[in-house]
1. Quote to one decimal, in nm, the extra length available between A218 and L80 on full extension: 0.36 nm per residue of separation minus the C-alpha distance between them.
2. Please state the relative contact order of the chain as a whole percent: Cα pairs under 8 Å, 6+ residues apart?
3. Tell me, in nm to one decimal, what length is gained between N279 and A32 on full extension, where the rule is 0.36 nm per residue of separation less the Cα-Cα distance?
4. Give the Kirkwood hydrodynamic radius (Å, one decimal) of the stretch 17-72, defined as one over the mean of 1/r across all pairs of different Cα atoms.
5. Might you report the magnitude of the Cβ-based charge dipole of the stretch 1-109 about its Cα centre, with Lys and Arg at +1 and Asp and Glu at -1, to the nearest 20 debye?
6. Could you work out the Rg to Rh ratio of the stretch 1-147, with Rh taken as the Kirkwood radius (inverse of the mean 1/r over all Cα pairs)?
7. Using the beta-carbon distance between L89 and D53 and R0 = 51 Å, what value does 1/(1 + (r/R0)^6) give for FRET efficiency, to the nearest 0.05?
8. For a quick check: with amide H placed at 1.01 Å from N, whose amide H comes under 5 Å from R263's, ignoring anything fewer than 5 positions away on the same chain?
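The values are calculated or read from the model by the stated rules, or taken from the named source; none is laboratory data. Just so we're clear, the structure is a prediction, and the values are computed from it rather than from any experiment. A quick note on method: Cβ atoms are made from the backbone with ideal geometry, for glycine too, and the neighbour counts reach across all protein chains shown. In case anyone asks, the SASA skips ligands and DNA or RNA and just uses the protein heavy atoms, side chains included. Shrake-Rupley method; radii C 1.70, N 1.55, O 1.52, S 1.80 Å.
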Amino acid sequence: MRRLLEWSALRGAALLAAGIFAGLFVPPLASAARGVITPIVFLLMVLVLLRVDPAQVLGYLRRPALVTALLAWLLVLCPLIVWAVLGGLGLGGPFAAGLVIVATGCAATSSPAFARLVGLDGEIALVVAILSTLILPFTAPPLALGLLGIDLAISIPGLMLRLALLVGLPLVISIFLRQWMGPARLQHWGRAVDGAVVLLVVLYGFGVMDGVLGQLLATPGLVLTGIVVAFAGSLAMNAMTALAFAGFGRRMALSAGLMAGNRNMALYLAVIPATADPNIILTFVLFQFPLFLSPFLLKPIYQRFREEP
């Protein structure tokens with residue numbers, strides 16, 4: 001079992017991409033995994049946080065002004081700008097609302113791995129991904145449901161509570177497990193834990209694609225439009241953020257852009273009621289495609305522009 005998990009960690013990128021497409025093109029597999037998305041996301045949070053040493057994260061905070069600026073941009077300014085731009089262009093409807101909510105999301109927990117893979121700053125990505133995840137329950141619900149007035153069929157306190165439980169309980173469990181396992185045992189099993197995270201994300205990819213193939217065949221225009229919105233939104237947030245942080249150097253700016261363009265929709269999919277607008281939920285689902293594919297598609301651009309002249 002341990003060898004299988006360690007092998008999964010080494011083949012993570014390929015397995016993650018395969019999980020999305022397997023879930024899309026094998027409907028029975030997606031249907032079987034759909035009902036356990038929330039437990040999968042909960043366990044994912046436990047294992048991801050287990051691999052993060054809180055003291056190490058605090059040690060990474062060598063540039064508190066930059067970290068604060070990144071968090072404020074990702075969690076507050078970016079969604080407000082996306083909302084204002086869409087409104088200014090006269091674009092509305094559930095896809096637009098879904099894109100705004102995507103913009104309120106925390107940086108994907110895969111951001112540090114993706115950043116290192118394409119030669120960007122994995123250290124700052126780790127700090128921002130963890131802190132934005134912990135802060136999310138207090139920023140996203142008031143923004144999405146209150147200030148921006150998007151209807152998700154749940155109250156602001158209700159959404160805050162669900163997100164807080166989905167983030168807070170895994171944090172407590174991971175701290176307990178770190179104390180119980182000790183540094184030596186945790187280091188010994190570290191690669192296996194990473195492999196377990198990969199396999200859980202693959203299962204998540206199966207479940208999140210449930211029903212998408214049927215929708216694609218029944219309403220191809222709707223689904224393809226959603227895919228275009230997902231990629232356009234991801235790339236726009238990436239580029240906009242990179243430009244906003246250009247003064248910090250190209251490598252840092254590109255790292256910030258990667259985090260802005262890759263948001264963690266698993267938390268929302270785990271807590272949003274099934275009675276919410278199905279096209280808003282579809283936006284969250286289709287955003288998995290740029291999440292897993294854009295870092296690889298953009299790798300040549302990152303390699304070209306990350307070095308200072």
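1. Length gained between A218 and L80: 46.3 nm.
2. Once divided by the residue count of the chain, the mean separation gives 33 percent.
3. 86.7 nm
4. Computed over Cα pairs of the stretch 17-72, the Kirkwood hydrodynamic radius comes out at 14.5 Å.
5. The dipole of the stretch 1-109 has a size of about 260 debye.
6. Answer for the stretch 1-147: 1.00.
7. 0.70
8. Distant-sequence amide H within range of R263: A108.
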